[in-house]
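Read through the structure below, which is laid out as structure tokens, and then see the notes.
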2 protein chains.
Amino acid sequence: MSGRAHPDVNPVTDGGDLPIKSSPHRHKVGVPPKQNMFHDFMYTFKETFFHDDPLRHFKDQPKSKKFMLGLQSVFPVFDWGRNYNLKKFRGDLIAGLTIASLCIPQDIGYAKLANLDPKYGLYSSFVPPLVYACMGSSRDIAIGPVAVVSLLLGTLLRAEVDPNTNPDEYLRLAFTATFFAGVTEAALGFFRLGFLIDFLSHAAVVGFMGGAAITIALQQLKGFLGIKKFTKKTDIIAVLDSVFSAAHHGWNWQTILIGASFLTFLLTSKFIGKKSKKLFWIPAIAPLISVIISTFFVYITRADKQGVQIVKHLDKGINPSSFHQIYFSGHYLAKGIRIGVVAGMVALTEAVAIGRTFAAMKDYQIDGNKEMVALGVMNVVGSMSSCYVATGSFSRSAVNFMAGCQTAVSNIIMSIVVLLTLLFLTPLFKYTPNAILAAIIINAVIPLIDIQAAILIFKVDKLDFVACMGAFFGVIFASVEIGLLIAVSISFAKILLQVTRPRTAVLGNIPRTSVYRNIQQYPEATMVPGVLTIRVDSAIYFSNSNYVRERIQRWLLEEEEKVKAASLPRIQFLIIEMLPVTDIDTSGIHALEDLYKSLQKRDIQLILANPGPLVIGKLHLSHFADILGYDHIFLTVADAVEACGPKLSDEV
Amino acid sequence: MSGRAHPDVNPVTDGGDLPIKSSPHRHKVGVPPKQNMFHDFMYTFKETFFHDDPLRHFKDQPKSKKFMLGLQSVFPVFDWGRNYNLKKFRGDLIAGLTIASLCIPQDIGYAKLANLDPKYGLYSSFVPPLVYACMGSSRDIAIGPVAVVSLLLGTLLRAEVDPNTNPDEYLRLAFTATFFAGVTEAALGFFRLGFLIDFLSHAAVVGFMGGAAITIALQQLKGFLGIKKFTKKTDIIAVLDSVFSAAHHGWNWQTILIGASFLTFLLTSKFIGKKSKKLFWIPAIAPLISVIISTFFVYITRADKQGVQIVKHLDKGINPSSFHQIYFSGHYLAKGIRIGVVAGMVALTEAVAIGRTFAAMKDYQIDGNKEMVALGVMNVVGSMSSCYVATGSFSRSAVNFMAGCQTAVSNIIMSIVVLLTLLFLTPLFKYTPNAILAAIIINAVIPLIDIQAAILIFKVDKLDFVACMGAFFGVIFASVEIGLLIAVSISFAKILLQVTRPRTAVLGNIPRTSVYRNIQQYPEATMVPGVLTIRVDSAIYFSNSNYVRERIQRWLLEEEEKVKAASLPRIQFLIIEMLPVTDIDTSGIHALEDLYKSLQKRDIQLILANPGPLVIGKLHLSHFADILGYDHIFLTVADAVEACGPKLSDEV
């Protein structure tokens, strides 16, 4: 825009044949140097898979240093372990004990969601956290079984094998699925495909999680009300039907009394924890206290003889090996892989979201791909030591963070507490009433119903809200699988919509500047007579090239009608602001060519303003820039408008 | 940028607590008025499905006029028919006769590609063009069977039913597939989902078409060499193996002689047609002349007794009804639907591409969705009158265009000629040698191998070229289905890549202007010390929000290292140019929040320049704009840099 503030016509041109001339002090649009044959291919490849430049630390280092860095890169424990001190240990010890007290009752309940014996929940809080502590890079995440993944795994597994009639096969399939969940996670990380989990939109995740939370809470009504005959389905209608048809004879008032009083206790403690951040430990240890008190109460009163259901037997001892139980052949292999891939992806989504959230809070970096490898290895090892799919738990990670954890050592502490529990304390859980576990789970999943986030989504984007509700209702009225499918489909549809229908805007000049902006956003912006300036707000690719061309033609048509109605000078120049057009492919170039031909027939000149390096390079290579003429390509809209001036003044 | 040309620091601010102050004459970023609840939803909906505003002509019209417009909209024949005159008819007559002479021999050959009797090819050139002439909006397209769709249909059908052992079932399944191909096309148009075919990238189509052309040409070796035992597979290895294993006893030299001489004749005529545009009719009638001469020759010499294979019997009479042959139930229904959907989509892609190309040449508009409805109805009617999938043929449309067609009447002329052929001339084809049909098809598919387009794709985009070659080799080494699958997959992968990895650029000030541009494109652009300006070149959505945040942080890290090495003042301001960020969702806002928090920890101020209407609206609604501060949002980068000035000068 050559330094002048006003875009008004300035007839500096020499009045020759060409209507558009460059003034001598105008900056040219830079045509980038000819590229090396595979340069742009490699650039795209690098930005796709290695955008974080993981090897940058290895540059210019001696070999021994490189080995150490490599070791630290695979096992971050060697990195942070060297600076570990007693002060940090104190923080980790307190945090570890707190999350252990929270995880033990949760584990027992979550295992039931996956239709597994309670001990497998505890097993899954012993081995995986140890593996993660050596390989993971998040300092705040708390590893173990989580509600949503347990429910999802349980639903998917039950569709294949009945856990009541074939408990052995069910268990073996669970380990198989866990193994392949781990393989999936590790493979995504190793092949640097971690970005695939970004295809699940935030809105869809909020809806899915909310729906899953309600489904999980509804499932707890079995334990909470002491119902013996309960539906195997998870949709709200079947569950409520099951609950109310059991109302007259199946509800157990003693169970309800125990459950309700402890749920009140848990909710109150949560409320207290929210009021004062210092009292975060109250809601954190409330579940364990509930378990202890209620177990003792049932043991004393022998309420189990009154129909109050209890955990009964819980095996003593640490994780047995389960390597030989994994199906590596037969028709269960394919099923295990399918279930594992789904469960692994969902587990990954949760863990990575947690890792990122807390890393942003403390301002440290997490390598998503490395993190996935750690989570994957952890589940592979877990599947061989009688664990089912473990991942990062949001509620326990938050407690971990607030309790002042410093490193992954808090996971080791938790793991040791779980080990001691497995070795010595499991018999004590015999009289723990199921109603307490139900209350603990209901209490734990309530925060997953993120109404605030849903309201924000509603405010910010109505389409996103539709996606959110689609996933939500899919989960509660159909099943977790259907909900997940809806969430993924809507997310993909949104991506496709985004690339097919890019926005376009008519630009006007903002008074007393040389800036051109969207006239809808800046009503004070004025259009230059005889010139229509349109901005295309996206790269022009095959998926949108026809739309872009048609949309530009429609803008032109509408403007011509307006101009005609107001008896203004006819449109002679169509300027396209190309700044947001970061790339173009052959279809896009064809669309520009078609537009150019069509405009030529109507005696309107096409002008491009501010094409980016890739675009100008490709227009050059395809010779469209020659056809259009380099004198029709400008650095800014203001330059272009100025150059149109002389010709316009002839007719106006 | 407030009219001043130079972005240099101008300490007009009042030196208060806030480091950033607005100078009084600066333009504010417009926050759009609060939107009506469903306004943006409806806007997106309209732009997605009704971006061409199909009802605009109906506005403010009386009822009778509206009815007429509605009729014209469904049957464009009522629109152009009213202005039809003798001059136009002369053009259409010549064009119609020319394409008829071209289509009759092609139809017979293409029907064989679909494993159908030759008569079905002729049937398909009679009914569908008539239907299209009433409903279609393209003036230049020539309707009938085409090579690629015939091959695809033949391959898909043969995978389900063997045409030799079960010819009846095969035929019925072909009609069923045609019916559902029509339903698919009409439904896509009716529900305005026409944009779905844009998801097949130009590069993938070029590769697919080239591969299909080679596959089709290879299939013709059977007829061309007079081989009797020929493989049922279509991949190049199986076909060449079949050809060479038959070399010693299966090749028929008389057949080869006839085929080769007429192929030479056809190629020569094509060459002449290319040399002079006026002689376009020579390659157009050459096939019919070849058929006539070779048929006469075989009849005279009775070469069929020497092993030259001939068409033999060809039924006389027009299309019988086939409504009752369509499967509307049973297990063939699902197969018919699947094949129909695939064949319909491919047929649509070809027809719409042709329609658009010629519409751009003559500068008239085609409504893609209406066009799809026309093509769909045409195939539905066709499936009930013994036709298989018809669509627009590129080679015949080009001839139609060059012969001077004016309207769809040329299709009616062609249709009448085909009718007369069916009624009276079919017996004459008895002695037509198959080698001639093979030569005609080879000659017809050669232009589909678009080497020029492939070279352009290679030049413009290496990734696109990989897609093109993937589809190409998929078709020739595996099958048309695999090739199509590869084409679609690569196209989708490209779209996903595009939204996951948007480009970012560091901006610098172009000397003597207030313009900030990519420093890689404009090496003369200079960076302002203490300020890092980054442009994000895409909307920030869930699919890229994490990447964008990480990429900005990496730019900052790299810049800080550079600054440190050169002992320049440290970076205090990070300006993000938001112009290309046309939209943002909740994930994107979270990413900005995370970035803001992380920068705060490092005492770097985040500044946004030039956010669009949607973005500023959403930042406002989500309160991020409040957190950031409206005094940290500027109209242009130059304004923002200017405002950073006073603070910077304190430390520099």
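The values are calculated or read from the model by the stated rules, or taken from the named source; none is laboratory data. The shown structure was predicted, so the numbers you read here are calculated from the model rather than taken from an experiment. Neighbour counts are summed over all protein chains in view; Cβ atoms, including those assigned to glycine, are modelled from backbone coordinates with ideal geometry. When the accessible area is computed, the model is the full protein with side chains, heavy atoms only, and any ligands, DNA or RNA have been set aside. Shrake-Rupley method; radii C 1.70, N 1.55, O 1.52, S 1.80 Å.
Points worth noting:
- Candidate set: segment A:606-625, residues that are of a type in the set (Val, Ile, Thr) and crowded, with 23+ Cβ neighbours inside 10 Å; chosen: the one nearest to the other protein chains (Cβ to nearest Cβ): A:615
- Segment B:189-239, residues that are touching a Pro at 6+ places or on another chain (Cβ under 9 Å), at pLDDT 85 or above and over 22 Å from residue B:257 (Cα atoms): B:213
- Taking the listed residues B:334, B:347, the one that is open to solvent by 30 Å² or more (accessible area, probe 1.4 Å) and within 34 Å of the chain's Cα centre (by Cα) is B:334, with no other qualifying.
- Here residue A:505 meets each of (1) part of a strand (DSSP E or B); (2) in contact with a helix residue (DSSP H, G or I) (Cβ under 6 Å, 6 or more places away or on another chain) with one exception, condition (2).
- Test: residue in segment A:631-643 that is open to solvent by 10 Å² or more (accessible area, probe 1.4 Å), touching a His at 6+ places or on another chain (Cβ under 8 Å) and either over 30 Å from residue B:512 (Cβ atoms) or not in a loop (DSSP other than H, G, I, E, B) (or both): no
Residues are listed down the side, and each one gets a yes or a no for (1) within 18 Å of residue A:594 (Cβ to Cβ); (2) at pLDDT below 90; (3) assigned by the TED database to the domain that holds residue A:606:
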residue: A:542; (1), (2), (3): yes, yes, yes
residue: A:549; (1), (2), (3): yes, no, yes
residue: A:552; (1), (2), (3): yes, no, yes
residue: A:572; (1), (2), (3): no, no, yes
residue: A:578; (1), (2), (3): yes, no, yes
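- Cβ separations smaller than 9 Å between residues 6+ apart or across chains give the following pairs from segment B:309-332 residues that are in contact (Cβ under 8 Å) with a residue 12 or more places away in the chain and part of a strand (DSSP E or B) to residues that are among the aromatic types (Phe, Trp, Tyr) and buried (at least 19 other Cβ atoms within 10 Å of the Cβ): B:310/B:429; B:310/B:431.
- Hey, residue B:139 touching a residue at least 12 places away in the same chain (Cβ under 8 Å), on the phi < 0 side of the Ramachandran plot, part of a loop (DSSP other than H, G, I, E, B) and not β-branched (Val, Ile, Thr) or not: yes
- The set of residues in segment B:221-237 that are in a loop (DSSP other than H, G, I, E, B), in contact with a Gly (Cβ under 8 Å, 6 or more places away or on another chain) and either of a type in the set (Val, Ile, Thr) or open to solvent by less than 20 Å² (accessible area, probe 1.4 Å) (or both) comprises B:226, B:227.
- In the set (1) under 25 Å from residue A:310 (Cα atoms); (2) open to solvent by 10 Å² or more (accessible area, probe 1.4 Å), residue A:91 fails one condition alone, (1).
- Listed by position, the helices (runs of 4 or more DSSP H) inside segment A:56-136 whose residues that are under 27 Å from residue A:364 (Cβ atoms) and assigned by the TED database to the domain that holds residue A:149 number at least 3 are A:86-113, A:127-135.
- Number of positions in segment A:255-277 that are under 34 Å from the mean Cα position of the chain (by Cα) and in contact (Cβ under 8 Å) with a residue 60 or more places away in the chain: 5
- Criterion violated by residue A:582 - all others in (1) part of a loop (DSSP other than H, G, I, E, B); (2) free of Cβ contacts under 8 Å to residues at least 24 places away in the same chain satisfied: (2)
- Selected residue [of a type in the set (Asp, Glu), part of a helix (DSSP H, G or I) and open to solvent by 40 Å² or more (accessible area, probe 1.4 Å)] from A:558, A:524: A:558
- Test: residue in segment A:585-602 that is outside any helix (DSSP H, G or I) and either in contact with a Lys or Arg (Cβ under 7 Å, 6 or more places away or on another chain) or away from chain B (no Cβ under 11 Å) (or both): no
- Filtered residues of segment A:497-534 (kept if farther than 20 Å from residue A:643 by Cα and either among the polar types (S, T, N, Q) or facing chain B (nearest Cβ under 7 Å) (or both)): A:497, A:498, A:499, A:500, A:501, A:503, A:504, A:518, A:520, A:521, A:522
- Candidates A:424, A:458, A:472, A:401 - the one that is touching a residue at least 12 places away in the same chain (Cβ under 8 Å), farther than 30 Å from residue A:226 by Cα and not β-branched (Val, Ile, Thr): A:401
- In the set (1) at the interface with chain B (Cβ under 8 Å from one of its Cβ atoms); (2) farther than 30 Å from residue A:204 by Cα; (3) touching a strand residue (DSSP E or B) at 6+ places or on another chain (Cβ under 7 Å), the condition left unmet by residue A:539 is number (2).
- Summed over segment B:476-506, the residues that are within 19 Å of residue B:464 (Cβ to Cβ), open to solvent by less than 50 Å² (accessible area, probe 1.4 Å) and touching a strand residue (DSSP E or B) at 6+ places or on another chain (Cβ under 9 Å) give a count of 1.
- Single residue of A:30, A:109, A:96 found to be more than 22 Å from residue B:557 (Cβ to Cβ) and modelled with pLDDT under 80: A:30
- Residues within segment B:527-538 that are open to solvent by 10 Å² or more (accessible area, probe 1.4 Å) and touching a Ser or Thr at 6+ places or on another chain (Cβ under 8 Å), tallied: 4
- Residue within segment B:404-423 that is touching a Lys or Arg at 6+ places or on another chain (Cβ under 8 Å), in a helix (DSSP H, G or I), surrounded by fewer than 19 Cβ atoms within 10 Å (Cβ to Cβ) and not hydroxyl-bearing (Ser, Thr, Tyr) present: yes
- Single residue of segment B:460-490 satisfying the filter (within 7 Å of chain A (Cβ to nearest Cβ) and part of a helix (DSSP H, G or I)) that is nearest to residue A:580 (Cα to Cα): B:460
- Summed over segment B:226-244, the residues that are of a type in the set (A, V, I, L, M, F, W, C) and within 16 Å of residue B:213 (Cα to Cα) give a count of 4.
- Flag for residue A:360 being in contact (Cβ under 8 Å) with a residue 24 or more places away in the chain, part of a helix (DSSP H, G or I) and surrounded by 15 or more Cβ atoms within 10 Å (Cβ to Cβ): no
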